[in-house]
């Protein structure tokens with residue numbers, strides 16, 4: 001995976017240095033519409049592919065962008081909370097035009113997948129991510145924390161370890177008494193996390 005720092009416009013730099021960019025972002029967050037919760041699949045969803053049936057959408061944003069300079073026909077990337085783009089699949093081209101299009105509808109962090117539609121047109125779908133910083137996390141790429149009636153277990157890359165990871169346990173406890181938390185390392189101390197009640 002490659003990490004690209006996005007180009008900052010002069011206006012953004014001046015606003016950041018004046019402390020206004022953070023205020024603007026906080027105001028956008030405060031006024032951003034709340035996404036509707038995902039719908040639970042129904043037995044009818046298993047019939048996707050039959051004429052007239054479709055799967056429920058999983059992405060939070062669908063946009064298009066004009067970007068003829070990007071190499072390849074498909075790219076996948078993650079926009080990290082502080083702005084850089086983490087390229088998971090694709091060439092060495094700057095993906096700023098795709099990220100800019102997504103961010104007209106969705107703020108970072110998110111994962112996006114873009115597919116070339118024509119010589120210059122790209123279709124992009126993006127999904128919100130929950131990202132946490134775990135500076136004291138053990139090595140490895142995947143952490144699972146589970147609590148059931150039998151207790152709390154923590155595993156790293158499938159191997160059970162002793163001890164806990166407080167930040168992940170707190171995320172789980174927000175789901176209820178019994179929970180499962182799955183974390184995958186994105187870059188350095190940044191982890192993508194998903195938590196669900198059991």
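The values are calculated or read from the model by the stated rules, or taken from the named source; none is laboratory data. Keep in mind that this is a model prediction, so the values were computed, not measured. Methodologically, a virtual Cβ is constructed for each residue, glycine included, from the backbone with ideal geometry; neighbour enumeration extends over all protein chains shown.
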When segment 137-153 is checked residue by residue, the ones that are assigned to a loop (DSSP other than H, G, I, E, B) and either over 15 Å from residue 184 (Cβ atoms) or in contact (Cβ under 8 Å) with a residue 60 or more places away in the chain (or both) are 149, 150
Hits in segment 154-183 (condition: in a strand (DSSP E or B) and surrounded by fewer than 15 Cβ atoms within 10 Å (Cβ to Cβ)):
155, 159, 160, 161
Determine whether residue 115 is within 22 Å of the chain's Cα centre (by Cα) and at pLDDT 95 or above.
yes
